[in-house]
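The block underneath contains the structure these notes are about, expressed in structure tokens.
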Amino acid sequence: MARKAGEADSSAKASGDAALFARLGVRREQDLVLHLPIRYEDETRISTIASVRSGETVQVEGVVARQEIVARPRRTLVVELRDETGAIALRFFHFYGSQLRQFAAGNRVRVLGEARGGLFGLEMVHPRYRLVDAGEPLPQALTPVYPTVSGLGQARLRAAILRALRGLDWRETVPADAIARLGLPASAEALRAIHQPAPDTPASALHERTTPAWRRVIFDELLAQQLSLKRARAARAGQLAPALADDSLARRLLEALPFSLTGAQRRAWREIGRELAATQPMNRLLQGDVGSGKTVIAALAAAQAIGSGWQTAMMAPTEILAEQHLRKIGPWLARIGVRIAWLSGSLKESEKKAVRARAAAGEVDMLIGTHALIEDTVAFARLGLAIVDEQHRFGVAQRLALRAKLEASAAVLPHQLMMSATPIPRTLAMSYYADLDVSVIDELPPGRKPVRTKLVSEARRDEVIARVRAAAAAGRQVYWVCPLIEESEALDLQTAIDTHAALVQELAPLRVGLVHGRLPPGDKQTAMADFASGALQVLVATTVVEVGVDVPNATLMVIEHAERFGLAQLHQLRGRVGRGAGESVCVLMYRGPLSAAARERLKTMYETSDGFEIARRDLIQRGPGEFLGARQSGEALLRFADLERDNDLLDAAREVAARLLREDPARVDEHLQRWFGGREEFLRA
Ligand code: ADP
Ligand code: MG
């Protein structure tokens with residue numbers, strides 16, 4: 001693709017190049033054109049060496065005065081470059097023989113890099129450089145810098161992109177009047193302006209991607225996303241689902257519940273119940289803050305499916321949570337005659353086999369478990385409803401697997417109900433989740449008291465211990481959460497084990513339990529059950545208690561090294577308390593010095609307990625890719641758009657998408673091909 005003419009080993013080189021380009025997501029000529037700069041560098045000016053200040057990124061030009069290879073502290077090539085005003089040292093820690101020749105004394109070199117005050121005056125480490133003749137003209141405009149992989153230099157990448165751009169036959173896919181209304185340039189023109197910005201383009205607008213050219217390309221990206229999602233929705237609407245219309249069992253469950261639904265729950269249940277009864281497959285997200293009572297809605301949905309003669313699968317992201325559902329919903333449903341089974345990775349193979357056989361024979365009405373439910377070997381006789389709890393915790397790949405499973409499951413498509421306590425900000429809901437209907441539970445069950453949050457330095461651990469004792473003396477229970485040590489699961493575990501041992505001593509005679517992800521399932525279950533029954537007063541845990549665990553008598557949560565947790569995680573953890581009538585406290589214990597980001601997170605937790613607000617700030621702090629867990633899939637969902645910054649374009653993209661789908665399906669195909677090629681699947685997951 002980026003082959004130079006006349007290279008002897010051109011075919012080998014070309015296939016090597018193709019692999020390099022493929023790693024960038026560039027497989028076709030048009031992908032090259034859409035490979036956009038991450039930033040720009042200013043090569044339009046040359047600074048005199050004497051005027052350069054430490055910390056500045058600048059371009060200078062001079063003549064090599066001398067070169068030297070120094071051995072200490074590590075083998076380094078040092079080049080002294082001089083102009084009329086002074087000298088600067090260039091340092092290279094890795095270098096080739098060819099570079100020694102390039103930096104022969106007397107050669108004229110133009111370099112661009114960040115200047116630093118070194119031991120012996122100004123220096124640049126691994127600057128970009130180029131041999132030039134005296135008086136060689138400067139570029140008139142900023143130079144784009146592209147994302148790349150090692151082995152593929154900027155110069156080669158840029159040349160390939162410019163070549164593709166010159167050969168570009170870029171048909172406009174958006175109606176001219178829509179573009180005119182937005183005041184944006186044509187797509188081809190915009191791409192040229194991004195790759196080769198005009199000299200008078202303001203650098204800040206280029207960097208912030210707010211030039212008309214950038215906005216046009218971002219609009220196209222958002223449009224592609226909207227088109228893809230709307231098509232997926234239309235495709236689903238064309239499929240048939242079983243009408244789960246018999247609500248007698250659900251009504252019996254409702255009567256048997258120890259509480260009555262909140263207004264918000266009733267509303268959500270009405271929406272869901274109605275949709276289950278229709279022959280169009282439901283694809284609904286039930287969203288409600290931590291503790292708002294989503295589980296009972298899931299149980300009602302299951303009862304309606306089962307009462308209508310179909311099976312239900314309910315999947316949770318962790319074994320502890322799945323087990324808790326089994327314990328909580330299990331008795332409710334068993335009482336009304338539902339046959340429940342359990343499936344998780346930790347079961348013995350023979351046990352799994354038996355459960356699978358019963359599900360396949362239709363002898364199980366409801367199967368609860370972990371992602372073991374979406375393994376290939378699991379088949380259902382009549383799956384009518386799939387429930388996914390804490391759906392944001394599942395990776396894109398798992399969501400794809402679930403969808404594939406549902407689509408393959410039968411002539412009819414099962415209904416899908418997803419649940420999440422991580423509220424999706426409006427911008428995200430409109431873009432990534434445009435394919436979903438959303439029900440919101442925006443009200444907590446009565447009698448809940450807000451959780452007070454305290455930030456406490458680790459130095460005041462003694463006070464925290466005293467607080468734990470006081471809570472226990474008042475008949476309350478306590479969670480003590482140990483941090484995740486990302487580099488090592490073993491270390492992570494050891495921390496929890498050590499903390500537990502220490503707390504058993506410090507808190508004696510209180511009964512202190514331990515639960516972590518590696519505990520054998522039986523032990524885990526016992527520990528959770530002992531905590532739930534009050535036999536344990538303190539539960540030391542890793543983040544396995546993060547999602548869904550429900551022990552109303554626990555009113556104090558201590559989170560050690562809170563600075564290491566993400567916002568969503570902290571919010572989830574805090575949601576484990578404040579579930580009963582007692583006043584609850586969450587102690588975020590931290591060790592300084594705090595990074596700016598950690599400080600910001602703790603501050604957010606201190607300032608608000610509103611899940612929406614937390615999600616909004618989380619999104620700003622982390623960006624949508626990470627927010628949605630797209631990291632795991634390695635596929636960036638939106639490469640250029642920023643939903644906060646480009647909010648207005650998202651609205652416009654939605655409108656234009658609807659219109660294009662109506663008026664010009666061929667252009668829709670072309671637009672989607674251009675943007676996603678083979679990657680569209682990921683967007684719909
Ligand atoms: P989440 O939405 O976080 O999954 P849960 O479904 O676990 O919340 O519910 C939290 C707790 O509130 C549970 O103990 C549940 O039984 C209880 N609960 C749910 N709905 C109500 C209600 N309407 N009135 C009283 N308690 C309720
Ligand atoms: Mg829950």
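The values are calculated or read from the model by the stated rules, or taken from the named source; none is laboratory data. Every value quoted in this text rests on a predicted model; they were computed, and no experiment measured them. Cβ atoms come from the backbone with ideal geometry, glycine included; neighbour counts cover every protein chain shown. We work out accessible area using only protein heavy atoms, side chains counted, and drop any ligands, DNA or RNA first. Shrake-Rupley method; radii C 1.70, N 1.55, O 1.52, S 1.80 Å.
Listed values, structure above:
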read-out: Accessible area (Å², 1.4 Å probe, nearest 10) - residue 229; value: 0 Å²
read-out: Percent accessible area from carbon and sulfur atoms, segment 30-83, protein chains only, probe 1.4 Å; value: 46 percent
read-out: Contact order normalised by residue count of the chain, Cα under 8 Å, 6+ apart, percent; value: 13 percent
read-out: Ranked by how many other beta carbons lie within 10 Å on average, peptides 28-37, 504-513 from highest; value: 28-37, 504-513
read-out: Antiparallel bridge percentage (DSSP; both residues within segment 68-127; nearest 5); value: 80 percent
read-out: Per residue, in Å², the accessible surface of segment 106-167 once ligands and nucleic acids are set aside, probe 1.4 Å; value: 51 Å²
read-out: Heavy-atom accessible area per residue - segment 175-228, 1.4 Å, Å²; value: 38 Å²
read-out: Packing-based order for 572-580, 65-73, 444-452, 142-150, using average beta carbon neighbours within 10 Å, highest first; value: 572-580, 142-150, 444-452, 65-73
read-out: Overall form of segment 305-414 per C-alpha gyration tensor (a/c, 1.5; a/b vs b/c); value: rounded
read-out: Percent antiparallel among DSSP beta bridges (both partners in the chain, rounded to 5); value: 35 percent
read-out: 120, 612, 394, 95, ranked by accessible area, largest first (probe 1.4 Å); value: 120, 612, 95, 394
read-out: Shape of segment 522-610, Cα gyration tensor, a/c cut at 1.5; value: prolate
read-out: Additional length obtainable on full extension of the chain from residue 530 to residue 44, 0.36 nm per residue less Cα span; value: 167.9 nm
read-out: Highest-first arrangement of 656-664, 77-85, where packing means the average Cβ count within 10 Å; value: 77-85, 656-664
read-out: For segment 175-187, 3J(HN,Hα) per residue [Karplus equation, 6.51 cos²θ - 1.76 cosθ + 1.60, θ = phi - 60°, Hz, x = Gly/Pro]; value: x, 4, 5, 5, 5, 4, 4, 7, x, 10, x, 5, 4
read-out: Whole-number percent relative contact order across segment 38-121, with pairs defined as alpha carbons under 8 Å at least 6 apart; value: 35 percent
read-out: Neighbourhood net charge (10 Å Cβ-Cβ; Lys/Arg +1, Asp/Glu -1) for residue 262; value: 0
read-out: Segment 74-117 shape via C-alpha gyration tensor axes, a/c threshold 1.5; value: oblate
read-out: Segment 98-236 - percent relative contact order, Cα under 8 Å, separation 6 or more; value: 17 percent
read-out: Net charge over other residues, Cβ less than 10 angstrom from the Cβ of residue 558 (K, R count +1; D, E count -1); value: +2
read-out: Where Cα atoms sit under 26 Å apart: lysine pairs in segment 203-354 separated by 8 or more or lying on different chains; value: 4
read-out: Label-point separation in nm, residue 608 to residue 455, each point 7 Å along Cα→Cβ; value: 1.6 nm
read-out: Protein accessible area in segment 257-335, 1.4 Å probe - carbon and sulfur %; value: 51 percent
read-out: Accessible area of segment 255-413 divided out per residue, in Å², using a probe of 1.4 angstrom; value: 37 Å²
read-out: Heavy atoms of residue 163 accessible to a 1.4 Å probe, total area in Å² rounded to 10; value: 100 Å²
read-out: Contour minus Cα-Cα distance for residue 171 and residue 469 (0.36 nm per residue); value: 100.2 nm
read-out: Probe 1.4 Å, all protein chains present, accessible-area order of 46, 387, 340, largest first; value: 46, 340, 387
